[in-house]
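Below is one structure, written out as C-alpha cells, with a few remarks after it.
The values are calculated or read from the model by the stated rules, or taken from the named source; none is laboratory data. If you're wondering where the values come from, they're calculated on a predicted model, not measured in any experiment. Because the Cβ atoms are built from the backbone with ideal geometry, glycine has one as well, and the counts that use them run over all protein chains shown. For accessibility, only protein heavy atoms count, side chains too; no ligands or nucleic acids. Shrake-Rupley method; radii C 1.70, N 1.55, O 1.52, S 1.80 Å.
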Amino acid sequence: MLAKHSGNHLLHPIFLVHNINSWYKLGTAELFLGGKTTRMKGLPIVFDSGSTYTYFSGEAYKALYSMLMNDMKGKKVYITNEDKSLLVCWKGSKPFKSIYDVKNLFEPIILKFKKSKLQLNPESCLIISKNGNACFVILNGSEVGLGNINIMNYKVAYLPFVDISFQDKIIIYDNEKQQIGWTPANCNRLPKS
C-alpha cells in the first residue's frame, strides 16, 4: 500500500494512470503562482519521462508568464535578451552564482488537483546559466506543437539545465493498480537503513 513515506510526509493521493504516447495522464489541475490563481482551470496534466523540459499550453503559459512578470516588478532583476540559454532569463546587478541567490525572489508554481497539489519551488523552475542569469525552464508548449497538453518532465538521470521540475520529490508508481503518487523528499541525503 502506498500510504506513507519513511518520514512524516504522507503521499499525495494517487491518480489513475492512463499511458498514452508514453505519458502518464494525471487528470486536470488549476494553476497558481504562490497563493494567487492564474484563472487557468481544468488544465490536462501529464508526466513524461522522455521530455527535456516542462511545458504548459499556450494560454496557461501566457497567464503564468504575465503574473510572473507582474510579480517581478520592484525586484532588482531584469529580463535580459542577451542570454540565449532559454527564452526567459533574468539578470541581476551582478551574476548569480547559485539558484539560492534568486530563490527568495520567485513564488512557487502550484498545480491544484481535485484531492492534491503539486508545488514547484523556484529551484524546480529556474536554472542559473553560464552567464550568471536566472532562466525559466518552463516553456510554451504551443510553440512546439503540443497544443492543449501540459507536460511535467521527470527523469531518473540528472542532466545539467534540464529535468528539474521534480527536484526533491519522490515519484512512486503502482503499475498493478495503474496509480502514481509523489511526496517531498530531501534527495541530497541518503536514506537511513
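Data table
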read-out	value
Leading residue by the ranking (farthest from Lys130 (Cα to Cα)) among those in region 67-88 that are in contact (Cβ under 8 Å) with a residue 24 or more places away in the chain and of a type outside the set (A, V, I, L, M)	Asp71
Of all residues in region 22-44 being hydroxyl-bearing (Ser, Thr, Tyr) and either open to solvent by less than 30 Å² (accessible area, probe 1.4 Å) or at pLDDT below 90 (or both), the one that is nearest to Phe96 (Cα to Cα)	Thr38
